[in-house]
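**Student:** Take a look at this one; I'll ask things after.
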Amino acid sequence: MIVTGAARGIGAGIARHMAGQRWRVACADIDGAGAEAIAGQTGGIAVQCDVAAETDVERLIAVARSRLGRIDAIVSNAGIAAFAPLQQTTLETWDRVLATNLTATFLLAKAAAADLKQARGAIVTIASTRAHMSEPDTLAYSASKGGVVALTHALAMTLAPDVRVNCISPGWIATEKHGPLKPGDHAQHPVGRVGRPDDIAAAVAFLLSEQAGFITGAEFIIDGGMTRKMIYT
Ligand SMILES: NC(=O)c1ccc[n+]([C@@H]2O[C@H](COP(=O)([O-])OP(=O)(O)OC[C@H]3O[C@@H](n4cnc5c(N)ncnc54)[C@H](O)[C@@H]3O)[C@@H](O)[C@H]2O)c1
């Protein structure tokens, strides 16, 4: 299987979790050294690549096919956020966020479709609760993640019945890039805590398993209940 954005954060958590379930993981990331480190910890392989570049994605699929023997699952997780006010959001930034967060999943599915069909495999895309609700100045990121939710069901219909395609929309998942968490960060969540990479990884493992054989085109919001919390001040 392939996990993009596997060098750190949620992607590294997914790679570790899946390796623990005996999957062989190709850790793909633009950060080659980071991908090597996680591949070393998980017994997988590392592929340095930019998921927004078609030639890089085609090389990733070719390397994974030859080194792993087959491609039975892809977790399209790599993503970037570039929050900025409307007037300071350049077209270059907009294009880069859309290319990394949305176009990459299209490129991965296109390049790996034949392999995934042969393996009767599955794709999990990683969107965000920001596909459904927003703070100000999150324009490109929110748009890209809304696109991921829609691309997920379009791919599910396109690759059916051989390949299942589902989406996970995480809420706040604490990773290395977040500083120390405050008690209030946890307390505001209906479940009483901020999320962890393993919360997402466990759902990925389920969606890639045969137990999820009747699930395709779906979106799973994993956010400790935050998008269901009504707020009046
Ligand atoms: N952490 C959260 O709270 C949260 C919430 C909702 C959604 N998400 C989504 O989950 C995914 C992972 O988030 P994270 O918090 O672990 O992020 P992160 O920044 O910690 O890790 C992202 C990884 O993607 C890699 N990457 C970035 N651009 C790339 C490219 N062009 N090609 C290949 N690799 C690239 C980075 O090098 C990094 O290793 C992202 O899609 C993000 O939008 C995260």
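**Student:** Hey, can you tell me all the residues within region 27-39 that are in contact (Cβ under 8 Å) with a residue 40 or more places away in the chain and either in a helix (DSSP H, G or I) or buried (at least 22 other Cβ atoms within 10 Å of the Cβ) (or both)?
**Tutor:** ALA28, ASP29
**Student:** I want to confirm something. Restricting to region 137-146 and keeping residues that are within 12 Å of the ligand (Cβ to nearest atom) and touching a residue at least 24 places away in the same chain (Cβ under 8 Å), which single residue is farthest from the chain's Cα centre (by Cα)?
**Tutor:** Once the filter is applied, the top-ranked residue is THR138.
**Student:** Could you pull out the residue among GLY224, GLY217 that is small (Gly, Ala, Ser) and without any contact (Cβ under 8 Å) to a residue 60 or more places away in the chain?
**Tutor:** GLY224
**Student:** Here's a check for you: in region 1-21, which residue that is within 13 Å of the ligand (Cβ to nearest atom) and free of Cβ contacts under 8 Å to residues at least 40 places away in the same chain is nearest to THR42 (Cα to Cα)?
**Tutor:** Only one residue fits best here, namely ALA15.
**Student:** Would you mention how many residues in region 40-67 are assigned to a helix (DSSP H, G or I) and in contact (Cβ under 8 Å) with a residue 24 or more places away in the chain?
**Tutor:** Qualifying residue count for the region: 11.
**Student:** Looking at this structure, is ALA114 more than 10 Å from the ligand (Cβ to nearest atom) and farther than 23 Å from TRP172 by Cα?
**Tutor:** yes
**Student:** Select from region 104-136 the residues that are over 22 Å from ILE61 (Cα atoms) and buried (at least 18 other Cβ atoms within 10 Å of the Cβ) and list them in ascending order.
**Tutor:** Result: SER128, THR129, ARG130, ALA131.
**Student:** Identify, from the list SER134, SER209, SER169, the residue that is free of Cβ contacts under 8 Å to residues at least 60 places away in the same chain, more than 27 Å from ALA7 (Cβ to Cβ) and among the small types (Gly, Ala, Ser).
**Tutor:** SER134
**Student:** Also: I need the full set of residues from region 209-229 which are outside any loop (DSSP other than H, G, I, E, B) and charged (D, E, K, R), in order please.
**Tutor:** Correct list: GLU210, GLU219, ARG228.
**Student:** Something else now. Which one is farthest from the ligand (Cβ to nearest atom), of the residues in region 152-201 that are polar (S, T, N, Q) and surrounded by fewer than 20 Cβ atoms within 10 Å (Cβ to Cβ)?
**Tutor:** Checked region 152-201; the qualifying residue farthest from the ligand (Cβ to nearest atom) is THR158.
**Student:** Could you pull out the residue among ALA35, ALA52, ALA28 that is within 9 Å of the ligand (Cβ to nearest atom), closer than 19 Å to ASP115 by Cα, within 18 Å of the chain's Cα centre (by Cα) and modelled with pLDDT of 95 or more?
**Tutor:** Residue meeting the stated conditions: ALA28.
**Student:** Can I ask one more? Out of all the residues in region 179-192, is one or more in contact with a Lys or Arg (Cβ under 9 Å, 6 or more places away or on another chain) and within 19 Å of PHE83 (Cα to Cα)?
**Tutor:** no
The values are calculated or read from the model by the stated rules, or taken from the named source; none is laboratory data. Since the model is a prediction, treat every value here as computed from it, not as a measurement. Reconstructed Cβ throughout: ideal geometry from the backbone, glycine too, with neighbour counts over all protein chains shown.
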